[in-house]
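In what follows, a single structure is set out as structure tokens and then discussed.
The values are calculated or read from the model by the stated rules, or taken from the named source; none is laboratory data. Computed from a predicted model, the values in this text were never measured in an experiment. Here the Cβ is made from the backbone with ideal geometry for all residues, glycine too, and neighbour counts use every protein chain on show. All accessible areas refer to the heavy atoms of the entire protein, side chains included, with ligands and DNA or RNA removed. Shrake-Rupley method; radii C 1.70, N 1.55, O 1.52, S 1.80 Å.
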Amino acid sequence: MTLWGSSSMSSEGGGEATPLPIRIHEHLALSAAPAPVHSFGVGATRSAHTLLMRGLETPRLFPRVGRPESSDGTASVPVALETGLAPAGPLRIPGSVDGTSGMLDGSSGTWYFTADDTSRGPVEGVFTSALAEVAAHSRQVLWMGKNNILDVTEVLDDTQRMWDAAETPEQDTLVLGQWCTEADARGAATGDAVAAVTAEQARRYGDHFLDLQALLTGEEGLRCAPLAPLALLEQGSTQEALERAVVPPSLVAADGIHLNGWGNLAVCWAIVRRLRELRWL
């Protein structure tokens, strides 16, 4: 199983509130064992970066004018992508440029390509992510697009391309919906965008779509077994949040944009339940 997306998929914030950190990929690895689970969530990335990681975008790389950097004595050549896609977050993608293997690294805010063969000079050619091989025969869980949610069409199209890339699309993908922070409260542009994407993905994917906004703001989800000790619906802060159609603060990390350990625990519970219904587990 491969997990694709941005910071929510990498469980940023999951170390808060609960006695132990709650990482979604770790819970799924335990549930799916002995089958492997590959976690490819990278914070701050947009849906276009997920396509690049998955090998569905194969842009040409061009050396840029600039001074190569060195890490452990290995030359890293600054490059640009023909698509103009800028790097985001701690994104590092193993792959190859016309047969030259190496690492495309955008974690510094500039794209660099470091060839495995340190004797190679600057490279130019088509970049293909090596992660495509990992994902080729894998089922996949997608939680992508929150960082560019205002472009509803792009998020829907990019998610559809990921869906279509599965070996058997109608069976091998689970799409996770986005959830609303205080910045996405009812009436906000981002809140409207989340609602639009959620409605369309629910229509397209049916049981292979998991509505996490409904989970984290609805009675069934807020009373689920992992959250029952919190008695969330008896708290005034929960009721105030629900009036604004946002996730209750008890489930949100201090930064206000990620789930804390309790929120991740509820998401894990919902994913595992759905995977059992789909007979993935």
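Is there a residue in the stretch 129-139 that is open to solvent by less than 40 Å² (accessible area, probe 1.4 Å) and under 24 Å from Gln213 (Cα atoms)? So far as the stretch 129-139 goes, no, none of its residues is open to solvent by less than 40 Å² (accessible area, probe 1.4 Å) and under 24 Å from Gln213 (Cα atoms). Within the bounds of the stretch 214-226, is there any residue that is closer than 17 Å to Val141 by Cβ and polar (S, T, N, Q)? No: zero hits. Is at least one residue of the stretch 184-192 at pLDDT 95 or above and within 16 Å of the chain's Cα centre (by Cα)? No: zero hits.
Checking each residue in the stretch 251-266 for being open to solvent by 40 Å² or more (accessible area, probe 1.4 Å) and not hydrophobic (A, V, I, L, M, F, W, C) picks out only Asp255. Residues that are over 16 Å from His49 (Cα atoms) and surrounded by 15 or more Cβ atoms within 10 Å (Cβ to Cβ) within the stretch 80-100 comprise Ser96, Val97, Thr100, listed in sequence order.
Here is a yes/no grid of residues against (1) at pLDDT below 95; (2) farther than 18 Å from Ser39 by Cβ:
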position	(1), (2)
Arg92	no, no
Gly99	yes, yes
Asp117	yes, yes
Gly121	yes, yes
Glu133	no, no
Asn148	no, yes
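Taken over the stretch 172-203, the residue count meeting the criterion of being open to solvent by 20 Å² or more (accessible area, probe 1.4 Å) and touching a Leu at 6+ places or on another chain (Cβ under 8 Å) is 3. Residues of the stretch 140-160 that are buried (at least 16 other Cβ atoms within 10 Å of the Cβ) and among the hydrophobic types (A, V, I, L, M, F, W, C): Val141, Leu142, Trp143, Met144, Ile149, Val152, Val155, Leu156.
Given the structure, is Gln239 at pLDDT 95 or above and either in a loop (DSSP other than H, G, I, E, B) or in contact with a strand residue (DSSP E or B) (Cβ under 7 Å, 6 or more places away or on another chain) (or both)? Judged against the criteria, Gln239 is not a match.
Screening the candidates Glu26, Glu57 for the property of being open to solvent by 20 Å² or more (accessible area, probe 1.4 Å) and closer than 23 Å to Glu82 by Cβ yields one hit, Glu57.
Inspection of the stretch 242-262 identifies no residue that is free of Cβ contacts under 8 Å to residues at least 60 places away in the same chain, within 18 Å of the chain's Cα centre (by Cα) and under 29 Å from Leu20 (Cβ atoms). Before we move on, is Trp269 open to solvent by 10 Å² or more (accessible area, probe 1.4 Å), touching a residue at least 12 places away in the same chain (Cβ under 8 Å) and over 25 Å from Leu156 (Cα atoms)? For Trp269, the condition - open to solvent by 10 Å² or more (accessible area, probe 1.4 Å), touching a residue at least 12 places away in the same chain (Cβ under 8 Å) and over 25 Å from Leu156 (Cα atoms) - is met.
Of all the listed residues (Asp116, Asp164, Asp105), the sole one being buried (at least 20 other Cβ atoms within 10 Å of the Cβ) and among the acidic types (Asp, Glu) is Asp105.
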